[in-house]
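The values are calculated or read from the model by the stated rules, or taken from the named source; none is laboratory data. Quick caveat, the model's predicted, so the values are computed rather than measured. Glycine gets a Cβ as well: all are built from the backbone with ideal geometry, and neighbour counts include every protein chain shown.
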Amino acid sequence: MKSQILRVMIGAAILSAGGPMSSIQAGTAIQEGKPFPDLTLPALEDGRPRSITDLLGQKTILHIFASW
Amino acid sequence: MVGIVLEQHPDRARLFMQWKQMDWPVLVDALNILELRAVPVTILIDEAGIVRSTDPRASDLEVFLSSDLPDRGRPASVAIPPDIQDLKHRSENGDAEVLRAAADSLFLWGTGIDLDTAIDNYHRAINMEPGNGTTHFHLGVTYRKRHESDRRREGDFAQAVEHWSRALEIDPNQYIWRRRIQQFGPRQDKPYPFYDWVETARTEIAARGEMPHSLPVEPVGAEIAHPAGTLDSGSTTCTEPDPESRIERDPGKLIRIEIVTIPSTDPKSASARIHLIMTPITEAGGHWNNEVGPTEVWIHPPSGWEVDRSLLTAPGVKEPVSDETRLVEFEIGPKAGHDRTDITIQGYALYYVCESSSGVCLFRRQDIAITMIYPENSVRSR
């Protein structure tokens, strides 16, 4: 059930966020088998700094999108 | 579930998430520091922070969820933004990479005045590495951010477009960079409408009894325009307001008019969207007078060219006098069978303006000349 719910969430998120394609540029820091880059970026909710590692530590589905 | 949004205006992403009822934590990467080429992207990351899949299918998700790596819990860490003064000090003698990293941090964490330093740093980095598309893109994002702030300087938006265009010339396969130009560009170059969903989102959120998140910068004009295969010049049959040139001139002493040309990202296309940004020069006393009529702009396309609208209107506000910035946009392209050539577009703005907030109010005309030059791969304007 949990996997079914997550599949629906992924599908909904991808369909909702628009954009024509999914593409990781070869040679960027995001590579299978390697740690996700540890970045500190502003949180959307309040603009405060949040580290990516703050949000990891358990199985994570990371969805990178734009509203346009 | 965690998100990262690649967007110049994160407030719009907040509204979008509220609309779609997406309630997971999201970080903002306005500069595309991750250097993605397109979105959306879904990535599976395991408990150890290792990327397990960058393009998962449903079967990949099943395997990912059923794998039995131990849950180590979230590491305790506190994200601390860089010390701004330390960044400024280290960037004084830094190489291009140090300068860009410092500028990125000033963009992310600094206050308004830090945008000026960020822009200086990016320029210094570009002087060292003129072929670095990423630096050009970041500089464009920063110029646009300053353009939308209370520290706006004349030319900021044009500089943003200039550097986004330069970035795309360096790497034409970077679709995030391409989309940033298309967001403000001609309808013939748009893959889809960018922000036409905003009003629907507000309506549906309100219907749920919620207050829609506010947007400090409203998407207008090109940002909500729908794609079009051709230039629709059907609305050009209107009456020129001052054909005999009888209205007295304002030589630019009361109202400043900035011209920003957004070319098509298709180098074979000659279409462009022209943004005219009109701002009262308040230090000289200039104020809009809103008691009579709106601001109008008349455009004369040169022979062999057509525009989507010859007469543009920028409405006023309720107050009798005001000093807000007014924006009108139009699109231009060559008529069928006509070659693209360097051109100058003539036009003029007509406006009711006061010489101070309580002074004499006048009806004035300011002539406009927009020059479009087509170098091999891009259009430049003066």
- [ ] Quick one: which strands (runs of 3 or more DSSP E) lie wholly within segment B:15-108 and hold at least 3 residues that are under 29 Å from the mean Cα position of the chain (by Cα) and either modelled with pLDDT of 85 or more or more than 10 Å from chain A (Cβ to nearest Cβ) (or both)?
- [x] B:26-28, B:41-45
Task: Residue satisfying all of: in segment B:334-354; surrounded by fewer than 16 Cβ atoms within 10 Å (Cβ to Cβ) and among the charged types (D, E, K, R); farthest from residue B:286 (Cα to Cα) among these - done: B:339
Open item on the list: I'm trying to understand the selection: among the residues of segment A:9-50, which are at pLDDT 90 or above and of a type in the set (S, T, N, Q)?
Closed with: A:40
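Residues are listed down the side, and each one gets a yes or a no for (1) more than 10 Å from chain A (Cβ to nearest Cβ); (2) surrounded by fewer than 21 Cβ atoms within 10 Å (Cβ to Cβ):
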| residue | (1), (2) |
| --- | --- |
| B:156 | yes, no |
| B:164 | yes, no |
| B:177 | yes, no |
| B:185 | yes, no |
| B:191 | no, yes |
| B:209 | yes, yes |
Task: Single match in B:223, B:258, B:248 (criterion: surrounded by 13 or more Cβ atoms within 10 Å (Cβ to Cβ), within 21 Å of residue B:316 (Cβ to Cβ) and touching a residue at least 40 places away in the same chain (Cβ under 8 Å)) - done: B:258
- [ ] Only residues that are free of Cβ contacts under 8 Å to residues at least 24 places away in the same chain and among the polar types (S, T, N, Q): list them for segment B:265-312, please.
- [x] B:303
Open item on the list: Restricting to segment B:1-29, give me the number of residues that are of a type outside the set (A, V, I, L, M, F, W, C), over 20 Å from residue B:108 (Cβ atoms) and in contact with a helix residue (DSSP H, G or I) (Cβ under 9 Å, 6 or more places away or on another chain).
Closed with: 3
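Per-residue answers, yes or no, for (1) farther than 17 Å from residue A:68 by Cα; (2) among the hydrophobic types (A, V, I, L, M, F, W, C); (3) assigned by TED's automatic domain parsing to the domain that holds residue B:277:
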| site | (1), (2), (3) |
| --- | --- |
| B:190 | no, no, no |
| B:200 | no, no, no |
| B:203 | yes, no, no |
| B:212 | yes, no, no |
| B:217 | no, yes, no |
Open item on the list: Cβ contacts < 9 Å: first residue closer than 21 Å to residue B:180 by Cα, restricted to segment B:193-210; second residue loosely packed, with under 11 Cβ neighbours inside 10 Å and not basic (Lys, Arg), any location; separation 6+ or different chain. Result?
Closed with: B:193/B:226; B:196/B:226
- [ ] Sort out which residues of segment B:1-14 are in contact with a Pro (Cβ under 9 Å, 6 or more places away or on another chain), at the interface with chain A (Cβ under 7 Å from one of its Cβ atoms) and not hydrophobic (A, V, I, L, M, F, W, C), and write them in order of number.
- [x] B:3, B:10, B:12
- [ ] Select from segment B:300-333 the residues that are more than 23 Å from the chain's Cα centre (by Cα) and of a type in the set (Val, Ile, Thr) and write down the one among them that is surrounded by the most Cβ atoms within 10 Å (Cβ to Cβ).
- [x] B:321
